[in-house]
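Input: a single structure, listed below in structure tokens.
Derivation of every value follows stated rules applied to the coordinates shown; laboratory data play no part. In this text, all values refer to a predicted model and were calculated from it rather than measured experimentally. Note: ideal-geometry Cβ built from the backbone for every residue, glycine included; neighbour counts use all protein chains shown.
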Amino acid sequence: MRSAFFSLLWILLPAGVLLKAAEPAPLAAPPNIVLIISDDQAWTDYGFMNHEAIHTPNLDRLAANSALFRRGYTPTPLCRPSLMSIITGRYPHQHQVIGNDPTPDRSLSDEEYSARKADLISRIDNWSTIPGRLKELGYLSLQTGKWWEGNWSRGGFTHGMSRGFPEPGGRHGDDGLKIGRDGMDTVFSFIDDSVKQQKPFFVWYAPFLPHTPHNPPERLLQKYRNDSRPLPLAKYYAMCEWFDESCGQIMDHLDQRKLNENTIVIYVTDNGWIQRTDDMDLPDQWKQSFAPRSKQTTYEGGTRTPVMVSWPGHIKPADRNDLVSTLDVYPTVLAAAGLQSEDDLPGLNLLPALLEQSEISRSVIFGEGFTHDIPDPSQPEISLLTRWCIESDWKLILTYEAPADRYAVVHGINPQKPQLFDLSSDPFERKNLAETYPDVVERLAGQLQQSWNVSKTPVGL
């Protein structure tokens, strides 16, 4: 009877059903991809992250329709190296764009210093990029907003706004920095033209928002002004909502063009920000518009970011607690498009776990912090200030040799010993547990060294 039963199944069911589990139907076309990157925004500063004042209704809507990773991280807390890591899928010590600019040197002529800038930009030529790989499948790709690595074409884009260095104003985006602040027509026209050409598209939307200058529209500023809130803080809050409005315009345009079901929207931040206000107790030499423990630091305020991945009909919305990195964007995007990633990437392809609603196969993530200016990009260790890793709820920060006075001022810490935090009970990293749990410090320090074997010795370890 068993033999007769299975024979009947073979007759009634399509061939192969009994050989393997059902698979999703193949896509009619590669998905469109929109990558949204906010600029200088804290991980707390969204409605969906329960901020008490900031309104982000559009990003809240995206979060509700995404796999939302509340524990996302950028591997480095400064914009240029962070963006380079996103587009190449590599750590800064790998791609060697470890800071924003070559170190100023008065002994150099303008031509010599420009040559150093050009050399730094040339590092992108050594690596595959997201748009460069997508071009293999006929994707059209648009660069808007922040872009440091020369002309947009150098990153593999087919279209772009930023002419790049050495054009006037080409340091980090020139004309591309207008997007969001000065309308969204460039993005909308690109999407519409791609649809007309029946080409899949990739949009790099990295607006200069909510980055300084904090000059929000008066209608938004008035929502946040009150007698108890410092004006700089009200301006920053308004900038976050202004950025949110621009994200909503992109999502609305996709909806109006009926592109949602075959468009993946990914959201990340390049690095964190805590707004400085006059009531803060800061050292006299502090000159930054941001507060300590945020931008340029490897604390949560500098490295943590929510990460969202939306793909209606394919990825089920979920609120997730997995550890993810912006290094995961590169392999995930390529996999979604049907491309094979390089074998040596440090990030993970998140797509299988997202489609199957399973856990991410990762136990620890890593990051690093360098000086703002770069003495020699070919020797990243020279500029190394800090390294960090997170395993479950443990976070270890190690400090490396650097001018202690400047380091302490910029980072707001005592750089003379390791720092260990339990993020589950201390998400703002106020209580250093390194002396209480030396075994955890030793284990995580060893994992850091395995991830990148440096010759520098951490201070106090």
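General observations
- Any hit, the range 227-238, residues being of a type in the set (Asp, Glu) and exposed (fewer than 15 other Cβ atoms within 10 Å of the Cβ): yes
- Within the range 428-445, the set of residues being outside any loop (DSSP other than H, G, I, E, B) and either surrounded by 11 or more Cβ atoms within 10 Å (Cβ to Cβ) or of a type in the set (Phe, Trp, Tyr) (or both) comprises Pro438, Val440, Val441, Glu442, Arg443, Leu444, Ala445.
- When residues in the range 96-111 are screened for being in contact (Cβ under 8 Å) with a residue 60 or more places away in the chain and either touching a Ser or Thr at 6+ places or on another chain (Cβ under 9 Å) or surrounded by fewer than 17 Cβ atoms within 10 Å (Cβ to Cβ) (or both), 7 of them pass.
- Scanning the range 175-187 for residues that are crowded, with 16+ Cβ neighbours inside 10 Å and part of a helix (DSSP H, G or I) yields a total of 6.
- Single residue of the range 41-59 satisfying the filter (closer than 23 Å to Thr303 by Cβ and either among the aromatic types (Phe, Trp, Tyr) or in a helix (DSSP H, G or I) (or both)) that is nearest to the chain's Cα centre (by Cα): Trp43
- Selected residue (criterion: farthest from Thr386 (Cα to Cα)) from residues of the range 66-82 that are under 12 Å from the mean Cα position of the chain (by Cα), part of a loop (DSSP other than H, G, I, E, B) and polar (S, T, N, Q): Thr74
- Trp311 vs. criteria over 19 Å from Ala64 (Cα atoms), in contact (Cβ under 8 Å) with a residue 12 or more places away in the chain and aromatic (Phe, Trp, Tyr): no
- Conditions (1) buried (at least 20 other Cβ atoms within 10 Å of the Cβ); (2) in contact with a Gly (Cβ under 8 Å, 6 or more places away or on another chain): number failed by Leu345: (1)
- The sole residue among Ser122, Ser141, Ser114, Ser85 that is assigned to a helix (DSSP H, G or I), of a type in the set (S, T, N, Q) and either surrounded by 24 or more Cβ atoms within 10 Å (Cβ to Cβ) or in contact with a Cys (Cβ under 9 Å, 6 or more places away or on another chain) (or both) is Ser85.
- If you filter the range 111-133 down to residues that are under 19 Å from the mean Cα position of the chain (by Cα) and among the hydrophobic types (A, V, I, L, M, F, W, C), you find that the one that is farthest from His372 (Cα to Cα) is Ile130.
- The residue list Tyr224, Tyr205 contains one member that is in contact with a Phe, Trp or Tyr (Cβ under 9 Å, 6 or more places away or on another chain) and surrounded by 15 or more Cβ atoms within 10 Å (Cβ to Cβ), which is Tyr224.
- Against the numbered list (1) within 25 Å of the chain's Cα centre (by Cα); (2) over 15 Å from Met161 (Cβ atoms); (3) touching a residue at least 60 places away in the same chain (Cβ under 8 Å), Pro216 comes up short only at (3).
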